[in-house]
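Everything below concerns the one structure shown next.
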Amino acid sequence: MTIATGPRLLPMLSEQAKASLDPYMALIVGYRKSGLSLNHIIGCPLDCGYCVRHFWANYDVKIPHLLCPTNQAIEQLVNHHAFQPHITPIQLFNKATDPFLPGVKPHLFQVLQTLDKRGFTNHVLVITRFKVTAADMAVLERLRHLRVTLLFTYSGITDPRIEPIAKTNTTLSSIRTATSHKNRTGVVLYWRPIVPGWNDTPDTMAHVLDSGRDVDAIVFTGYYHKPENADHLRHLGVDVPYADDYARRKVMPAELDARVVAAWRASGITTPLFRKTSCGVAYTHAAPDYNGHWGVRELCDICPAAQQQRCADDHREPTPADMDAVLAHLAYTTDYLIEDGHVWTHGLGEQRRYAMQHTLRHQIWEIDQPHYLHAHGRSLNGHAANPAQVAALAEIREYFENATRYEDD
């Protein structure tokens, strides 16, 4: 099977086309949980049926286009108000294209080489399922400062209606190439999405785990179940689970999580397994988790002891003075409540919350989008909310409501 790859010389998107983009797709630099995200190229021909581009009416754009020249995009990144040298994790081309498509790859390398020449040591996450060659790895290995991690999306899904690339050996071949040529470059098998009926049989799980024998870490996660991608897949005749229980967070039921962990333990591989992207990325570079998940201890039961120690040694509850200093530095405003392992805030929005989280390496939570025990960062689909936590959340909401009333008075 031949996979469409798009042009080798990318066209610039017209001003008229830019004006019609969803604001999120037009955003060149924005914050996400795994890092400050640079996306000045949009468009992808790989046709993954569950692609998040469905959510912003961009899925039908198959030819990658530039939103601006790459040198301008780099300056937008490093001049972003939340960018901090050596601290802020960075993601490249993780929203609307694949960074190793032939036309995109030169821009990926330009960004990496420019940031590296400036001496930045930030984590850089590069997510791909496409072809990575020995020559590509040589370029990455010549970097001297950035802590780069390749995250290879591989799910074991074999239905080409869901993943057309499944008919090829492209991703597995790239994983083998990367692991055989890596030295300072991190390599992670990104096992996603794991979906009942698509890729959750014991044989499929065993196959994916075996494919990760030589990588630095395996990170697993679920599926964004939203009407836009679900309708697309159902139109193709794909059986989509979870009915109409749509959610803003990925679905990973407790039972499915337990089966993944059990399959990993039974596999005999020594590659560590992680529930969170930042945990796996940090581990590959012998660093503590920059998202501070040590404050959510139930996530850490599968982490290697050495990694748990790194995170424990790094963990420090912020003081009110710490919070005030970070809010002042970033020019943000919010009430907050410091609790064991996390800080509650209200009204910051995700992008600003994550900027604070990466600065403090500590969990920053939003009262209107609470995390629940054992379902941290996941939809409650397949999880039971703890009654004691529900009651505690009601008290915290009352605290913020009272604080707001007091300030208004």
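The values are calculated or read from the model by the stated rules, or taken from the named source; none is laboratory data. As the structure is a prediction and not an experimental result, all values here were calculated from the model. Please note: Cβ atoms are built from the backbone with ideal geometry, for glycine as well, and neighbour counts cover all protein chains shown.
Yes/no per residue for (1) without any contact (Cβ under 8 Å) to a residue 24 or more places away in the chain; (2) closer than 21 Å to L143 by Cα; (3) among the aromatic types (F, W, Y):
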position: A4; (1), (2), (3): no, no, no
position: R8; (1), (2), (3): no, no, no
position: P23; (1), (2), (3): yes, no, no
position: L27; (1), (2), (3): yes, no, no
position: Y50; (1), (2), (3): no, no, yes
position: P106; (1), (2), (3): yes, yes, no
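Quick one: in segment 85-99, which of the residues that are of a type outside the set (A, V, I, L, M) and touching a helix residue (DSSP H, G or I) at 6+ places or on another chain (Cβ under 7 Å) is surrounded by the most Cβ atoms within 10 Å (Cβ to Cβ)?
Looking at the filtered set, the residue picked out is F93.
State all residues of segment 289-342 that are within 29 Å of V219 (Cα to Cα) and either in contact with a Gly (Cβ under 6 Å, 6 or more places away or on another chain) or polar (S, T, N, Q) (or both); if no residue qualifies, say none.
N291, G295, Q307, Q308, Q309, G341, H342
Could you tell me how many of the residues in segment 52-83 are out of contact with any His (no Cβ under 6 Å at 6 or more places or on another chain), in a loop (DSSP other than H, G, I, E, B) and crowded, with 18+ Cβ neighbours inside 10 Å?
Qualifying residue count, segment 52-83: 6.
If a residue counts only when it is surrounded by 15 or more Cβ atoms within 10 Å (Cβ to Cβ) and small (G, A, S), which helices (runs of 4 or more DSSP H) contained entirely in segment 271-375 have at least 2 such residues?
277-284
Any idea which of R249, R259 is modelled with pLDDT under 95 and either assigned by TED's automatic domain parsing to the domain that holds D301 or touching a Leu at 6+ places or on another chain (Cβ under 6 Å) (or both)?
From the options R249, R259, the qualifying one is R249.
Is it fair to say V148 is buried (at least 22 other Cβ atoms within 10 Å of the Cβ), under 21 Å from R53 (Cα atoms) and in contact with a His (Cβ under 9 Å, 6 or more places away or on another chain)?
Values: buried (at least 22 other Cβ atoms within 10 Å of the Cβ): yes; under 21 Å from R53 (Cα atoms): no; in contact with a His (Cβ under 9 Å, 6 or more places away or on another chain): yes.
No.
Could you grab me the full set of residues in segment 13-37 that are surrounded by 13 or more Cβ atoms within 10 Å (Cβ to Cβ) and either closer than 14 Å to F83 by Cβ or touching a Phe, Trp or Tyr at 6+ places or on another chain (Cβ under 6 Å) (or both)?
If the condition is that a residue be surrounded by 13 or more Cβ atoms within 10 Å (Cβ to Cβ) and either closer than 14 Å to F83 by Cβ or touching a Phe, Trp or Tyr at 6+ places or on another chain (Cβ under 6 Å) (or both), then Y24, M25, I28, V29, G30, Y31, R32, K33, G35, L36, S37 are the ones that fit.
Considering segment 200-228 alone, what residues qualify as being free of Cβ contacts under 8 Å to residues at least 60 places away in the same chain and under 20 Å from the mean Cα position of the chain (by Cα)?
Of everything in segment 200-228, those that are free of Cβ contacts under 8 Å to residues at least 60 places away in the same chain and under 20 Å from the mean Cα position of the chain (by Cα) turn out to be V208, G212, F220, T221.
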